[in-house]
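Novice: Have a look at this one.
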Amino acid sequence: MDKNKNIVLHQIANHLIINSSFLMDLSLYHGKMGIVLFFYNYAQYTGNPVYEEFAGELLDEIFEEVHDNIGIDFENGLSGIGWGILYLLKNNFIVGSPDDILEDIDKKILEVNLLKIIDLSLERGLAGIVTYLTNRLSVQYEKSCFYTDFISDLQKLVADERLNIGFDLCSIVSLYTYSSIKRITRKSFGLYEGYAGYGFKLMAK
């Protein structure tokens with residue numbers, strides 16, 4: 001079974017290497033950020049630094065291609081991308097100062113009045129943004145732009161029992177990954193019902 005699993009993982013990795021650099025989508029769920037998480041984990045799983053190098057190249061592309069018009073939601077936007085970067089930092093896949101790496105994302109999210117967001121969902125609404133922010137504030141922020149009133153608003157939201165913010169990568173993948181690789185379409189590359197998510201699920205077994 002392990003041999004078969006490794007064959008499938010190798011096929012997934014090859015498919016993503018061929019296709020992911022052409023992706024315009026940078027997001028955690030559907031785009032390059034989710035694929036980056038797969039490749040850093042796959043490099044650790046195989047002990048092959050080639051996959052780590054590829055993950056680093058994709059991450060550089062994300063930094064180069066991210067733009068002001070991208071939203072702040074978790075599924076498609078900056079909260080998810082920032083959360084993915086924090087995952088890499090916390091798991092020692094990359095090194096650096098969170099203040100420096102996440103400065104632009106933090107400033108963009110600070111423009112939003114959290115208390116006025118109606119959508120409470122993880123994917124498109126408040127729970128996703130709060131999930132990013134709680135993780136963000138759990139690491140270094142000596143130079144960060146977070147101000148007292150913003151943190152006070154965030155603390156109120158964290159205490160809100162309507163928000164489910166206890167998500168990690170495994171729970172996201174388990175929620176949104178098919179049980180069979182045959183159900184994945186050729187152009188679904190990300191964590192959400194795509195090859196990266198299925199590959200991560202295989203490694204976690």
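Novice: So what's the angle, to the nearest 10 degrees on a 0 to 90 scale, between helix 126-136 and the longest Cα principal axis of the chain?
Specialist: The helix 126-136 is inclined about 90 degrees to the chain.
Novice: In square nanometres, what is the average projected area of the Cα convex hull of the stretch 129-198?
Specialist: 6.5 nm²
Novice: Residue 148 accessible area, nearest 10 Å², 1.4 Å probe?
Specialist: 110 Å²
Novice: How large, in percent, is the carbon and sulfur part of the accessible surface of the chain at a probe radius of 1.4 Å?
Specialist: 50 percent
Novice: Add +1 for every Lys or Arg and -1 for every Asp or Glu among the other residues with Cβ under 10 Å from the Cβ of residue 121, and state the total.
Specialist: Spelling it out: positives minus negatives among the neighbours equals -3.
Novice: Right, here's the next one. Binning at 10 Å from 0, report for the stretch 64-107 what percent of all alpha-carbon pair distances ends up in each bin.
Specialist: 28, 56, 16
Novice: Using the crude model of +1 on Lys and Arg Cβ and -1 on Asp and Glu Cβ, and no other charge, please compute the dipole size for the chain relative to its Cα centre, in debye to 20.
Specialist: Dipole about the Cα centre, nearest 20: 1080 debye.
Novice: Which value in deg cm²/dmol, rounded to the nearest 500, describes the helix-derived mean residue ellipticity at 222 nm for the chain, given -39,500 (n - 2.57) per DSSP H run of n ≥ 4 and division by the residue count?
Specialist: Computed ellipticity for the chain at 222 nm equals -17000 deg cm²/dmol.
Novice: Further question: In the neighborhood of residue 29, defined by Cβ-to-Cβ distances under 12 Å, what is the net charge if each Lys or Arg adds +1 and each Asp or Glu adds -1?
Specialist: -3
Novice: Compute log10 of I(q)/I(0) for the stretch 32-107 with the Debye formula, placing one identical point scatterer on every Cα and leaving out solvent, at q = 0.11, 0.17, 0.26 Å⁻¹, to two decimals.
Specialist: For the stretch 32-107, the Cα-only Debye profile gives -0.26, -0.62, -1.32.
Novice: Net charge near residue 194: determine it from the other residues with C-beta under 14 Å of the C-beta of residue 194, scoring Lys and Arg +1 and Asp and Glu -1.
Specialist: Within the 14 Å Cβ shell, the charges total +3.
Novice: Once phi is turned into θ = phi - 60°, what whole-Hz ³J(HN,Hα) does the Karplus curve with 6.51, -1.76 and 1.60 give for every residue of the stretch 96-109, x standing for Gly and Pro?
Specialist: x, 8, x, 4, 6, 5, 9, 4, 5, 5, 4, 5, 5, 6
Novice: For a quick check of your reading of the filter: which GluC sites (Glu not before Pro) in the stretch 117-205 sit in a DSSP loop and have no more than 13 other Cβ atoms within 10 Å?
Specialist: 142, 161
Novice: Suppose all protein chains stay in the model; what accessible area per residue would a 1.4 Å probe give for the stretch 1-69, in Å²?
Specialist: Each residue of the stretch 1-69 exposes 52 Å² on average to a 1.4 Å probe.
Novice: Between the helical axis of 148-158 and the dominant principal axis of the chain, each derived from Cα atoms, what acute angle in degrees is found, rounded to the nearest 10?
Specialist: 60 degrees
Novice: Restricting the calculation to Cα positions, tell me the Rg (one decimal) and the Dmax (whole number) of the chain in Å.
Specialist: Computed over the Cα atoms of the chain, radius of gyration and Dmax are 16.9, 54 Å.
Novice: Moving on. Please give the per residue accessible area of the stretch 75-205, computed with a probe of 1.4 Å over protein heavy atoms only, in Å².
Specialist: Per residue, the stretch 75-205 has 51 Å² of solvent-accessible surface.
Novice: So, with +1 on the Cβ of K and R and -1 on the Cβ of D and E, and no other charges, what is the size of the charge dipole of the stretch 1-97 about its Cα centre, to the nearest 20 debye?
Specialist: So the magnitude is around 500 debye.
Novice: Right, something else. May I ask you to derive the relative contact order of the chain, considering only C-alpha pairs under 8 Å and at least 6 residues apart, and to give it as an integer percent?
Specialist: Once divided by the residue count of the chain, the mean separation gives 25 percent.
Novice: Find how much the distance from residue 69 to residue 162 grows on full extension, using 0.36 nm per residue of separation minus their present alpha carbon separation; answer in nm with one decimal.
Specialist: 30.6 nm
Novice: Let me ask something additional. Roughly what angle does helix 78-90 make with the longest principal axis of the chain, taking Cα atoms, 0 to 90 degrees, to the nearest 10?
Specialist: Once rounded, the angle reads 70 degrees.
Novice: Straight-line reach from residue 187: which lysines have Cα under 28 Å away, leaving out those fewer than 8 places along the same chain?
Specialist: Within reach: 3, 5, 32, 201, 205.
Novice: Putting +1 on Lys and Arg Cβ atoms and -1 on Asp and Glu Cβ atoms, find which of 96, 145, 165 reaches farthest to the positive end of the dipole of the chain.
Specialist: Of the candidates, 165 comes out farthest on the positive side.
Novice: How about residue 156: which lysines have a C-alpha closer than 26 Å to its C-alpha, ignoring those fewer than 8 places off in the same chain?
Specialist: 90, 107, 108, 116, 143
The values are calculated or read from the model by the stated rules, or taken from the named source; none is laboratory data. From a predicted model like this one, the values you see are computed outputs, not experimental measurements. Counting neighbours? That spans all protein chains shown, and the Cβs are built from the backbone with ideal geometry, glycine included. We work out accessible area using only protein heavy atoms, side chains counted, and drop any ligands, DNA or RNA first. Shrake-Rupley method; radii C 1.70, N 1.55, O 1.52, S 1.80 Å.
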